[in-house]
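Okay, so here's the structure we're looking at.
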Amino acid sequence: MGILSGNQQDEPMHYGEVFAVWSSLAAAQSQQTACEVYYNHAGDDDLKQFISDMVQDVVKPSIKETEQLLKVNEVTLPPAPPERADASRQEIPQGARILDPEISAALAKDITTGLVADSQIIGQATREDIAALFARFHMEKVQMGQRLLRINKEKGWLLTPPLHVEKVKQ
């Protein structure tokens, strides 16, 4: 039997896996806090539902699973930021509000950054269970990204670069 070919949970994590999983947990904790702030600022019902679903279906489960993975491997967890209080959008001064298109763009950026980070962890992992876990996280982010893209198109919030149209030679 070769190295790292037994029960994956019994194998040690290498330093790259430890750092990547720890960093992923810290990022997810920050993302949860950001989503709580965005939810308080959002006015569009579809965007609010997306944010709520993102936190409940993607962010919180990934926090729980990565915390468990690190605890089992006796890795100290990163400090979690405090949860944000619920606030009414009307209580936030108009000039201080984050606008719905800005929230949507920030969420799209966070999803994209998460996809890259998940891919990196998948590529560097030697433990198959860690690679599979982050492959699942990656797929969940892909699905949420598709949903957010649809919302952005429907709401007219999608900012596209100029289209490259080839000139026809005469």
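The values are calculated or read from the model by the stated rules, or taken from the named source; none is laboratory data. None of the values given here were measured: they were computed from a predicted structure. When we count neighbours, we look across all protein chains shown, and the Cβ atoms used for this are built from the backbone with ideal geometry, even at glycine. Only protein heavy atoms, including side chains, enter the accessible area calculation; ligands, DNA and RNA are left aside. Shrake-Rupley method; radii C 1.70, N 1.55, O 1.52, S 1.80 Å.
Worth pointing out:
- Relative contact order of the stretch 33-86: 53 percent, from C-alpha pairs under 8 Å at least 6 residues apart in sequence.
- Debye-sum result for the chain in log10 I(q)/I(0), which assumes one identical scatterer on each alpha carbon, at q = 0.17 Å⁻¹: -1.03
- Exposed-loop-free span, longest in the chain, where GluC sites (Glu not before Pro) count as exposed if DSSP calls them loop and at most 11 other C-beta atoms lie within 10 Å: 84-165
- Over the stretch 1-103, relative contact order from alpha-carbon pairs under 8 Å, at least 6 apart, %: 40 percent
- Ratio of Rg to Rh over the stretch 72-170 (Cα coordinates, Kirkwood Rh, two decimals): 1.12
- Rg/Rh ratio calculated on Cα atoms of the stretch 130-170 (Kirkwood radius): 1.31
- Pair Ala135, Lys71: separation of 7 Å Cα→Cβ label points (nm): 2.7 nm
- Potential extension, Gln146-Glu128 segment - 0.36 nm per residue separation minus Cα distance: 3.8 nm
- With every protein chain in place, the stretch 1-135: carbon and sulfur % of accessible area (1.4 Å): 55 percent
- When only alpha carbons are used to place a centre, the stretch 9-56 and the stretch 117-133 end up 17 Å from one another.
- Estimated FRET transfer efficiency when R0 is 35 angstrom, pair Glu154-Ala80 (beta carbons, to 0.05): 0.55
- Extension gain, Leu163 back to Arg89 (0.36 nm per residue minus Cα-Cα distance, nm): 23.0 nm
- Local electrostatic count, Met54, Cβ distance below 12 Å [Lys/Arg +1, Asp/Glu -1]: -1
- Value in Å of the Kirkwood radius, where the stretch 82-129 supplies the Cα pairs that are averaged: 13.9 Å
- Among the trypsin sites (Lys or Arg not before Pro) in the stretch 139-170, those located in a DSSP loop and surrounded by at most 16 other Cβ atoms within 10 Å of their own Cβ are Lys167, Lys169.
- Using the Cα coordinates of the stretch 24-80, the gyration tensor eigenvalues translate into equivalent-ellipsoid semi-axes of 27, 11, 5 Å, sorted from longest to shortest.
- For the stretch 101-170: relative contact order, % (alpha-carbon pairs under 8 angstrom, 6 or more apart): 34 percent
- FRET efficiency for the pair Gln9 and Gln56, taken as 1/(1 + (r/R0)^6) with r the Cβ-Cβ distance and R0 = 22 Å, rounds to 0.25.
- Accessible surface computed residue by residue for the chain, with neighbouring protein chains in place and a 1.4 Å probe, gives 63 Å² per residue.
- Over 29 Å (Cα to Cα) - which of Lys48/Lys71; Lys60/Lys155; Lys60/Lys153; Lys71/Lys141; Lys64/Lys109 fall in this group: Lys48/Lys71
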